[in-house]
Amino acid sequence: MRIYLDHNATTPLREEVVDAMVAVLRNEFGNPSSTHAEGATARRRVEDARAEVAALLGVTPDEVFFTGGATESNNAVLHGVLTADHDPHADAPPRVVISEVEHPSVLEPCQILEDAGRARVSRIAVDTDGRIDRDALRGALALPDTALVSLVWANNETGVVLPMAEIASDAAAAGVPLHVDATQGVGKIPIDLREVQADFLSCSAHKLGGPKGTGALVVRAGRSLPPLLAGGPQERRRRGGTENVAGIVGLGVACRLAREELEERGRRYSALRDRLWSGMQKRIPDLRRNGAPESVLPNTLNVEICGAPGEVILQALDLEGVAASAGAACHSGAISPSHVLTAMGRTPEQARSALRLSVGHGVDEAQVDHAVSLLAELAERARKMEAS
Ligand SMILES: Cc1ncc(COP(=O)(O)O)c(C=O)c1O
């Protein structure tokens, strides 16, 4: 039996999600835009899912727009806010404030806009624990050309959670719209926009037991955004194209489960994560944990096994039946060290010995203990090989 410790890369679909999606795929093929009974059934499914997403995130259903995932949602906000209503012949392009540890789906669109002369980008540093430099952030928010701040609520590699309520107050005080990439937080920690004044939020179904290729974008009432995809009346003209009804239904069920289980998940995941960490500490000398432990996601452990190359351990773990990650999944296979860890002051060499272990639904204590034993064996072997 495989042991899956890579829930930040993606999660297995929950049974309830599969059942709901299969029922739609088998029996309900209608187009939500059609006015006949088949269409009305599909429309109802989409709207029920929208209500579930809204309930989880503390927004109203008409603030939720379905997308093809968080990468699309992030791109839509960055391109939309920074290019809408902006005269390309004006003196200076608008500024967007991000951090150095954003996901590539924020970093790369910002780079593209910057290279095209359509945006200025302020990249705020983080400290050695992954905490954002709040003074630098406030300074950037105060600049007169700042049009948007976009920050990852919980980091995908280290699990570090930003103090988003405080950051949102700073952004609101400066009159700058705030976009939060909440992809890793949703379903693991409370993400409630009644408590955090964010203007835009991105999330993705496959990080919380839902299907890949489906996500949501929240646009708070009063904020405008040009259509993400022009070409149809769907999603109130914000995203043309016939809806992925089964995917949306899957996201809705995943959000309902997250709302019902959130507290229990927090307790269970952090107990498993702490068991993993204390087990490793007992069995493996010379470890370093990355990310401020008091403010990380309950399910995430980013740990350096000093002197042991991460990719060697990961390959051996995989052969022994355990899946984990060396950094963001989308970086797997790339030799460049994690930009998140180097932004936190780790040398490329140190960053290469980091492992990301992320627990989730289906992981139990026995699996964690088995993974710890394997890690202890493999760490010793990898260190010996490195030293020889
Ligand atoms: C923080 C963060 N943002 C965005 C994404 C992209 O999500 P998606 O796979 O839905 O495009 C991910 C996925 O790894 C992520 O972890």
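Since every read-out is calculated from the coordinates, none of them should be taken as a lab result. These numbers were taken from a predicted model, which means no experiment stands behind them. Methodologically, a virtual Cβ is constructed for each residue, glycine included, from the backbone with ideal geometry; neighbour enumeration extends over all protein chains shown.
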Inset, instruction - Take every DSSP beta bridge with both residues inside the chain and express the antiparallel ones as a percent of the total, to the nearest 5. - result: 50 percent
Legend entry - Descending principal axes extents, region 38-146, alpha-carbon based, whole Å: 51, 41, 23
Inset, instruction - Just rank W277, W153, fewest to most, by other beta-carbon atoms within 10 angstrom. - result: W277, W153
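Could you put D48, D286, D91 in order, starting from the residue whose Cβ has the fewest other Cβ atoms within 10 Å?
Numbers: D48 15, D286 11, D91 6.
Sorted ascending by nearby Cβ count, the order is D91, D286, D48.
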Inset, instruction - Could you work out, for region 278-375, what percent of all Cα-Cα pairs fall into each 5 Å distance bin, beginning at 0 Å and stopping at the bin that holds the largest distance? - result: 2, 12, 24, 28, 21, 11, 3
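For F200, F29, what's the fewest-to-most ordering of other Cβ within 10 Å of each Cβ?
Details: F200 26, F29 12.
Taking fewest neighbouring Cβ atoms as first place, the list is F29, F200.
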Legend entry - Under 16 Å from the H370 label point (7 Å along Cα→beta-carbon), backbone N, region 287-328: 317-324
Inset, instruction - Give the Rg/Rh ratio for region 15-257, taking Rg as the radius of gyration of the Cα atoms and Rh as the Kirkwood radius, to two decimals. - result: 0.99
Inset, instruction - Measure out, as a whole number of angstrom, how far apart the alpha-carbon centroids of region 261-276 and region 1-53 sit. - result: 26 Å
